[in-house]
Amino acid sequence: MTYICCVDDYASLSFNKRRNSSDRFVIEDIIKTVWKATLRVDTYTAKLFRDKQVPSLIVDDDCLENAKDGEFVFVERQNPSAYLKAGDQLILYHWNRHYPSDNRLNLTGWNTLEITTGEFAGYSHEKITKTKVVLQDKAE
């Protein structure tokens with residue numbers, strides 16, 4: 001599985017119980033990235049894809065528990081840290097800002113190989129950095 005998250009400079013997934021991820025250019029990039037693969041989102045996140053062409057969107061409030069190999073899971077409110085397994089990947093959209101956080105992504109226990117795949121101007125942010133992170137369990 002590949003998990004998709006939007007984070008600030010301190011790996012915050014949300015702030016003041018609000019999403020980091022409403023930038024429309026990020027949503028368009030997510031659609032291009034997953035294209036015909038399955039994308040799982042919960043009901044809260046599904047609103048971001050309303051009126052968008054997403055060939056294999058599954059709205060599932062248990063998307064982290066039900067995700068299968070080869071699928072993408074875009075999470076905003078749930079922290080995927082507990083669901084990461086050896087070989088999993090993350091795609092992170094960095095806002096390059098710091099917000100007061102109430103939920104942070106925790107990669108303790110993982111070796112990470114980080115590959116920055118690019119930067120682009122967002123609709124609401126001047127610079128968004130897209131990073132692909134390949135994870136390997138430190139226990140291996």
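Can you pick out the pairs among Lys52/Lys130; Lys32/Lys52; Lys52/Lys85; Lys47/Lys85; Lys17/Lys132 whose Cα atoms lie more than 23 Å from each other? Result: Lys52/Lys85; Lys47/Lys85; Lys17/Lys132 exceed 23 Å. Taking all protein chains together and rolling a 1.4 Å probe, Glu65 ends up with roughly 90 Å² accessible.
Accessible area per residue (1.4 Å probe, heavy atoms of protein chains only) ranks Asp51, Asp23, Asp61 as Asp51, Asp61, Asp23, with the largest value leading. If you take the alpha carbon atoms of region 1-60 and fit the smallest convex hull around them, that volume is 95 Å³ per residue.
For region 16-78, trypsin sites (Lys or Arg not before Pro) are listed when DSSP marks them as loop and at most 12 other Cβ atoms sit within 10 Å of their Cβ; the list is Lys17, Lys36, Arg50, Lys52, Lys68.
Per residue, how large is the accessible surface of region 79-140? Use a 1.4 angstrom probe and give square angstrom.
On the way: 3610 Å² over 62 residues.
Normalised by residue count, the accessible surface of region 79-140 is 58 Å².
Model label points for Asp51 and Lys17, set 7 angstrom from Cα along the Cα-to-Cβ axis, are 2.7 nm apart. Students often get this wrong: which residues of region 82-101 have the backbone nitrogen under 13 Å from the point 7 angstrom along Cα-to-C-beta of Glu126? The answer is 96-97, whose backbone nitrogens lie closer than 13 Å to the label point.
With q set to 0.15 Å⁻¹, the log10 of I(q)/I(0) for region 32-105, from the Debye formula over equal scatterers at the Cα positions, is -0.56.
On region 68-140, 47 percent of the accessible area sits on carbon and sulfur atoms, based on a 1.4 Å probe. Along the chain, counting only chymotrypsin sites (Phe, Trp or Tyr not before Pro) with a DSSP assignment other than H, G, I, E or B and at most 14 other Cβ atoms inside a 10 Å radius, the longest segment between sites is 36-122.
Over all pairs of different C-alpha atoms, the chain has a mean inverse distance whose reciprocal, the Kirkwood radius, equals 15.1 Å. Convex hull volume per residue, computed on the Cα atoms of region 31-75, equals 62 Å³. Cα centroids of region 7-38 and region 94-136: 10 Å apart.
The values are calculated or read from the model by the stated rules, or taken from the named source; none is laboratory data. Just so it is clear, the structure is predicted and the values come from calculations on it, not from any experiment. FYI the Cβ positions are ideal-geometry reconstructions off the backbone, even for glycines, and counts take in every protein chain you see. Surface areas here come from the heavy atoms of the whole protein model, side chains and all, with no ligands, DNA or RNA. Shrake-Rupley method; radii C 1.70, N 1.55, O 1.52, S 1.80 Å.
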